[in-house]
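The next block holds one structure in the form of structure tokens; read it before the comments.
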Amino acid sequence: MEVIHKIGRRKTAVARVYVAPGKGNITVNKKELNTYFPTSTLQYKVNQPLVMTNNDGNFDITVNVIGGGITGQAEAVRLAISRAMCEVDAENRLTLKPEGLLTRDPRMVERKKFGQKKARKKFQFSKR
């Protein structure tokens, strides 16, 4: 099996994931997973597709992630790993799809409009 390359996105975060057979090492931007994502919640999000498909220690994963905040980056990595697990074995899709791990979350920050304070907030209106 050669290296599998997949992309995951969330808000403005973009994660490129390279999955190769190995011992279960996950490297994010040339750092260990535990260093880059310090909280256990974020580490759980990244490992979720691997645990659900019983591939916890089977693959070495290298991740390049840019943009967004730390939570958006973790969820982008999760989507990319989920897509890679589907390519490894088509049976994994039946496990990941009901959990919503293959769904791209489309929510983005709404842009600011001209003549307004923010996206929805207006300047104060005075009738007289």
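Taking the range 13-128 as the region of interest, the strands (runs of 3 or more DSSP E) fully inside it that hold 3 or more residues being closer than 19 Å to Met1 by Cβ and hydrophobic (A, V, I, L, M, F, W, C) are 13-21, 59-66.
What are the pairs, 6+ residues apart or on separate chains, where a residue within the range 99-122 that is acidic (Asp, Glu) has its Cβ under 9 Å from a residue that is in a loop (DSSP other than H, G, I, E, B) and surrounded by fewer than 10 Cβ atoms within 10 Å (Cβ to Cβ)? Close Cβ pairs (under 9 Å, with a partner that is in a loop (DSSP other than H, G, I, E, B) and surrounded by fewer than 10 Cβ atoms within 10 Å (Cβ to Cβ)) amount to Glu110/Arg120. Does the range 23-46 contain any residue that is within 20 Å of Leu96 (Cβ to Cβ), among the polar types (S, T, N, Q) and out of contact with any Gly (no Cβ under 9 Å at 6 or more places or on another chain)? Checked the range 23-46: at least one residue is within 20 Å of Leu96 (Cβ to Cβ), among the polar types (S, T, N, Q) and out of contact with any Gly (no Cβ under 9 Å at 6 or more places or on another chain). Restricting to the range 51-66, and then to whatever is at negative phi and not hydrophobic (A, V, I, L, M, F, W, C), can you tell me which residue is surrounded by the most Cβ atoms within 10 Å (Cβ to Cβ)? Within the range 51-66, the match that is surrounded by the most Cβ atoms within 10 Å (Cβ to Cβ) is Thr53.
Throughout, read-outs are computed from the coordinates displayed, never taken from laboratory work. Bear in mind that the values here come from a model prediction, so they are computed numbers and not experimental data. Methodologically, a virtual Cβ is constructed for each residue, glycine included, from the backbone with ideal geometry; neighbour enumeration extends over all protein chains shown.
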